[in-house]
1. If each of Asn164 and Val295 carries a label point 7 Å out from its Cα toward its Cβ, how far apart are those two points in nm?
2. Suppose the Debye formula is applied to equal point scatterers at every Cα of the stretch 172-264; what is log10 I(q)/I(0) at q = 0.16, 0.22 Å⁻¹?
3. Please list, by residue number, every one of the trypsin sites (Lys or Arg not before Pro) in the stretch 140-247 that is coil in DSSP and has at most 16 other beta-carbon atoms within 10 Å.
4. With a 1.4 Å probe and all protein chains in place, put Ser277, Ser200 in order of accessible area, largest first.
5. At what distance in nm do the modelled label points of Lys304 and Tyr67 sit from each other, each positioned 7 Å from its Cα along Cα→Cβ?
6. Only loop residues by DSSP count here, and only those with at most 14 other Cβ atoms within 10 Å; note down the GluC sites (Glu not before Pro) in the stretch 226-330 that meet that.
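The values are calculated or read from the model by the stated rules, or taken from the named source; none is laboratory data. Owing to the predicted nature of the structure, the values given are computational and were not obtained by experimental measurement. So basically every Cβ, Gly included, is an ideal-geometry build from the backbone, and we count neighbours across all protein chains shown. SASA here: full protein model, heavy atoms, side chains in, ligands and nucleic acids out. Shrake-Rupley method; radii C 1.70, N 1.55, O 1.52, S 1.80 Å.
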Amino acid sequence: MWHSLHSITQRQTFDSPAYQKKAFSRKNQQAPTKPNLLRSQREVQHDNRLTFKKNQVSNPINYKRVYLEQKRHLLGSIQTYILHSRNPANLSNVINKHQLLTGLQSLGSVASALKKMKYYSLKKHSSVNSTILESLSRESRFDNQQHQAKILQVDQNFNLTIENNQIYGIPTDYGIINYHFIDDGVSRYVKLLHFDNQISDHKRVHLERKRQLLQDIQTFIHTGSSSWLHTARDNSEILQGFESFGITTEEPFTINNGSKRYRISPYGILHDVDLESKATREQDWRKFGHDEHTVFLIQGKEYKMDENGRLPLPEDYVHKFEQVKIFKRN
């Protein structure tokens, strides 16, 4: 009995004054020995509540620390390149070339950064050998030409000029976007020159589909086969693509001042204008079952075959199959 009462009196609860006194005593004994440990975390006690001022210490693993550490690593790589190795491998340790480009631009500009690097390298009596930096310089010029590149449009003679290794501004749903048409002697491809860290999925898909269309147009120009254009898209997308260059369904156009004239129909199909026009004008329509009762309504005008089964169309006739109607009249 006495043992039970003694145990009860010795037991302390968290709410008892004795426990709080002991806890406060232990807190003083375990106080940090380094006075600057919580220097940036100032504690103020009001009504048993603990509040923090704005300069509190945040979690060590946070965006700001990671960003600053990446910046430190980038600047360290640039410093090593300038003062010691001049080896591009020291710069390739960064995540990607765009991050390096951004880092160099933060020093002023890519051009000025390259000038500084060359200056320090010359002081060391050595030459700068950096393919990466030259590539970055070119990409920077491409990016700066975002609003300076020539817009890809037909000229007054309805000729569409697309040269290799040139940058063109392409009309898109998101304004004029630069694309680089590349021919390195081994392969031909089109590269998107647009950097947007906050690009939406819809915009990314749209610009990529535009790039693929431009690349297929590049292949079409090289091979002469329009089948490349129809392998991965609807005809309506092809029509919209050519219309963005100022090409209409009414006027034939040429590419790179070539002799062959093309026309795109309202159905998004490319036609060899001169070949189809000549065939319509010179072929014997009697072979297709037509006779003197057949009427050809072509572009609003009626024609009948002559004694050779041919149609008396003008020499400059431009065939548009959707504007041809054939019927019988007794």
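1. 5.4
2. -0.74, -1.30
3. Listed in order of number, the matching sites are Arg233.
4. Ser200, Ser277
5. Going by the 7 Å Cα→Cβ label model, 8.2 nm.
6. Glu250, Glu292, Glu307, Glu315
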